[in-house]
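> Quick one: the structure is below, questions incoming.
Readers should treat all values here as calculations from the given coordinates under stated rules, not as data from a laboratory. This structure is a prediction, so every number in the text was calculated from the model and none was measured. Positions of Cβ are backbone-derived with ideal geometry, glycine not excepted, and every protein chain shown enters the neighbour counts.
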Amino acid sequence: MATDTPTLMAHCTLCPRECGVNRSLSSGYCCGTDRATINTHQLHHWEEPVLSGTRGSGTIFFSNCTMRCVYCQNFEISRLGYGTRRTADELCGMMLDLQQRGAHNVNLVTPSHYTPQIRDSLIIARERGLVIPVVWNSNAYEKPETLQLVDGLVDIYLPDFRYYETESAVRYSSAPDYPEWAKKAIVEMHRQVGTLSVKTGIAERGLLVRLLVLPGLSAEVRQILKWIADTIGNETWISLMGQYYPTYRSHEYPEINRGITREEYEECRICLEELDFENGFVQGVGSSRDYTPDFRE
Ligand code: SF4
C-alpha cells in the first residue's frame with residue numbers, strides 16, 4: 001500500500017468502506033475531503049481521569065465520520081461536518097498550542113478518515129517539540145494497514161468498541177462489517193502499544209477500550225468483554241460508559257429512544273468482575289463526568 005498522502009487521497013480506501021474516490025475532487029461516505037477538517041481544539045476535563053488529569057486532555061475534534069450512528073452525540077460535527085479545512089502546518093500548530101496550555105496529551109477525536117494528514121502533522125509536531133503522549137480516540141471501524149500509518153506516532157489508543165452483532169451495527173450505524181473490523185483494529189492497536197501504562201495517575205502509553213452501554217444491548221457488551229479477555233487479556237484497561245442519552249435520530253428507533261437502566265449497566269459491571277478485569281473505570285448511569293476506578297461495588 002502506498003503511504004504518501006496525495007496517493008492515498010487519489011483513490012481512498014483508508015477505511016472499510018473503501019469508496020475509492022479521489023478526495024481532491026469529491027468526498028466519499030465519510031464526507032471528508034483531502035484536507036483535515038477540524039471543528040475545535042480545546043482542553044477537556046471530563047475524559048477518563050488518566051487522560052484529563054488535573055490540567056485537561058488536549059482534544060482536537062475532527063469533522064465528518066466513517067460511521068453513521070443514529071444516536072451520535074456530536075452529529076453537528078460528524079454528520080453536518082461543521083469545521084474548517086486545515087493544513088498540516090495548522091494542525092501541527094494546534095497540537096503545540098495544546099501542549100503549551102498544559103494539556104497532558106493530544107487527544108485526536110474521530111481521526112480515522114484523516115489518518116495520513118494527521119500522520120504528516122505529527123511528524124512535523126514531534127520535530128518542533130511535541131513531547132506529550134498522542135491519543136487516538138476512534139470508533140474502531142478501521143483497517144489495520146491504515147493504523148500502521150501512525151505506528152510509532154500514537155502513544156495511546158482509545159477505541160470505542162460499539163457492537164458485537166452485525167444486526168446492531170447495521171441498524172444503528174449502517175456498518176454491517178463493523179464487528180470484524182473493530183476486532184482486527186483493536187488487535188493491531190494492542191500490537192503497537194500494549195497494555196496501558198500509567199505513571200502518577202496519568203496514562204503514558206497503551207490501550208484503553210471504551211464500551212458505551214446502549215439500551216437493550218448489555219448482552220453485546222458482555223460478549224465484547226469476553227472477546228477482549230480471551231484475545232488480548234483481562235489486564236486490558238476498560239472504560240465502561242453509562243452516559244448514553246437519546247439524541248439526533250434516536251426517536252426513529254423506539255427501543256433506544258430512552259436512557260439505559262441501572263440494571264443494564266449493572267449487568268455489564270458484574271461481567272467485568274466475573275472476567276476479573278481490574279483496570280479501568282466505571283461511570284454513574286447518565287453521567288459523563290463521574291468516573292470511578294473501582295469495578296467492585
Ligand atoms: S475514509 Fe472516507 S472516503 Fe475513504 S474509504 Fe473511508 S469513507 Fe470512503
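> Which members of the stretch 21-51 meet the condition of being near the ligand (Cβ under 7 Å from one of its atoms) and either of a type in the set (Phe, Trp, Tyr) or more than 21 Å from LEU80 (Cβ to Cβ) (or both)? Walk me through how you get there before you give the answer.
Filtering the stretch 21-51 for residues near the ligand (Cβ under 7 Å from one of its atoms) gives 21, 23, 27-30, 32.
Listed by number, the list holds a single entry, TYR29.
> Go over the candidates LEU217, LEU272 one by one and state the one that is touching a Ser or Thr at 6+ places or on another chain (Cβ under 7 Å) and surrounded by 16 or more Cβ atoms within 10 Å (Cβ to Cβ). Before the answer, list the steps.
Working: LEU272 fails: touching a Ser or Thr at 6+ places or on another chain (Cβ under 7 Å).
Unique residue meeting the criteria: LEU217.
> Among the residues of the stretch 45-76, how many are under 24 Å from ARG101 (Cα atoms) and either touching a helix residue (DSSP H, G or I) at 6+ places or on another chain (Cβ under 7 Å) or outside any loop (DSSP other than H, G, I, E, B) (or both)?
13
> Inside the stretch 1-20, can you point out the residues that are part of a loop (DSSP other than H, G, I, E, B), more than 10 Å from the ligand (Cβ to nearest atom) and not hydroxyl-bearing (Ser, Thr, Tyr)?
Scanning the stretch 1-20 gives MET1, ALA2, ASP4.
> Next question. Going by what's in this entry, would ARG23 be described as in contact with a strand residue (DSSP E or B) (Cβ under 7 Å, 6 or more places away or on another chain), free of Cβ contacts under 8 Å to residues at least 60 places away in the same chain and basic (Lys, Arg)?
Here the answer is no, as ARG23 does not meet what is asked.
> Going by the structure shown, is ALA103 away from the ligand (no atom under 15 Å from the Cβ), among the small types (Gly, Ala, Ser) and within 30 Å of ALA175 (Cβ to Cβ)?
Values: away from the ligand (no atom under 15 Å from the Cβ): yes; among the small types (Gly, Ala, Ser): yes; within 30 Å of ALA175 (Cβ to Cβ): no.
Spelling it out, it is not the case that ALA103 is away from the ligand (no atom under 15 Å from the Cβ), among the small types (Gly, Ala, Ser) and within 30 Å of ALA175 (Cβ to Cβ).
> Being in contact with a helix residue (DSSP H, G or I) (Cβ under 7 Å, 6 or more places away or on another chain) and buried (at least 20 other Cβ atoms within 10 Å of the Cβ) is the filter; apply it to the stretch 10-33 and report the residue that is farthest from SER112 (Cα to Cα).
ARG23
> Give the residues of the stretch 181-196 that are of a type in the set (A, V, I, L, M) and either crowded, with 20+ Cβ neighbours inside 10 Å or free of Cβ contacts under 8 Å to residues at least 40 places away in the same chain (or both), sorted by residue number.
If the condition is that a residue be of a type in the set (A, V, I, L, M) and either crowded, with 20+ Cβ neighbours inside 10 Å or free of Cβ contacts under 8 Å to residues at least 40 places away in the same chain (or both), then ALA182, ALA185, ILE186, MET189, VAL193, LEU196 are the ones that fit.
> So ILE232 fits all but one of (1) hydrophobic (A, V, I, L, M, F, W, C); (2) under 28 Å from SER78 (Cα atoms); (3) out of contact with any strand residue (DSSP E or B) (no Cβ under 7 Å at 6 or more places or on another chain); what number is the exception?
(2)
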